[in-house]
């Protein structure tokens, strides 16, 4: 990966489902190259489709720069790498079409190639439709799982972040019926370790304080409403507490958020998707960001979906997409600074200094 200390980070942005609000929020955020002061944006998708939306949004005075390849981008402009060719293709805002699903995959696949080659510093993904993107190469519930397999990470953490709230989930895109069987002590420990590492390295929190939610109503009510808290969740918490880590719970989810107890913690680990994402989107929808922790690369996404009901109507709020790009840039910077701190600390170690001196001879 290129080092952000020497240049603005290069951020790849995938188009997502082009019949949703992805193209609209991308163009609104990047209009007149207003983010180029902090990064070099590269949209992976279709110049033709983006120009159609640009015209609809009355952005005719602003031109996108077509770059054939990533090494031909212009750092002063908003770059577009066209990932497929279809001159007959039409946008159909609000419609679910196989063509839009294919386009979403092609843009993601091309961006992934540049990301794995170290030509991008980070990736921001616009919303996809999880059904029409499915194909022989993409058989996943979402971006998180696809990227985890691409980078050989077995337990990524879906981490919803904002300035006021950070929520991770143990189980992500699985049915509610499967949740209880999916959750184990080891999985909770792994997710908490990923959250702790991310809070330190990605968000600069040196001594993270984490709250863990229960699975059952009232956190099991001492075993009366379920035994997962006593047999699985509490032992996981205790294992990390014994190592001196600041992990607390399990807390009943309803009372925890109703009393605004989340304000006392750096992050919260929920047991399943809606338990964590419902309060997160209620509290931090406009500026919320979906961050995939545990990956060797930086990936963020706005915390909303394709929003077909308002697609093509110039009604989409671009705040979450803007925040997703900001967050990606911040995490890239934090990771670099953290790596530099570790490197400098090793240099000051007398044993390391002696070994380095001997190697230089």
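Worth a mention:
- Checklist (1) modelled with pLDDT of 95 or more; (2) over 18 Å from the mean Cα position of the chain (by Cα) applied to residue 125, failing item: (2)
- Counting only helices (runs of 4 or more DSSP H) wholly contained in segment 159-251, the ones carrying 1 or more residues that are touching a strand residue (DSSP E or B) at 6+ places or on another chain (Cβ under 7 Å) occupy 185-201, 234-241.
- Selection status of residue 147, within 21 Å of residue 194 (Cα to Cα), assigned by TED's automatic domain parsing to the domain that holds residue 42 and touching a residue at least 60 places away in the same chain (Cβ under 8 Å): yes
- Pairs where the first residue, in segment 211-226, is free of Cβ contacts under 8 Å to residues at least 40 places away in the same chain and assigned by TED's automatic domain parsing to the domain that holds residue 181 and the second is surrounded by fewer than 15 Cβ atoms within 10 Å (Cβ to Cβ) and in a loop (DSSP other than H, G, I, E, B), C-beta under 8 Å, 6+ apart: 220/227
- The residues in segment 158-212 that are buried (at least 17 other Cβ atoms within 10 Å of the Cβ), closer than 12 Å to residue 273 by Cα and under 18 Å from the mean Cα position of the chain (by Cα) can be counted, and the count is 9.
- Evaluated against (1) crowded, with 21+ Cβ neighbours inside 10 Å; (2) touching a helix residue (DSSP H, G or I) at 6+ places or on another chain (Cβ under 9 Å), residue 226 falls short on exactly one condition, (1).
- Exclusive hit being without any contact (Cβ under 8 Å) to a residue 60 or more places away in the chain and within 20 Å of the chain's Cα centre (by Cα), set 35, 30: 30
Residue-wise test of (1) surrounded by fewer than 20 Cβ atoms within 10 Å (Cβ to Cβ); (2) in contact with a strand residue (DSSP E or B) (Cβ under 9 Å, 6 or more places away or on another chain); (3) outside the structural domain of residue 23 (by TED's automatic domain parsing).
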site	(1), (2), (3)
303	no, yes, no
306	no, no, no
310	yes, no, no
314	yes, no, no
325	no, yes, no
328	no, yes, no
336	yes, no, no
339	yes, no, no
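The values are calculated or read from the model by the stated rules, or taken from the named source; none is laboratory data. The shown structure was predicted, so the numbers you read here are calculated from the model rather than taken from an experiment. Positions of Cβ are backbone-derived with ideal geometry, glycine not excepted, and every protein chain shown enters the neighbour counts.
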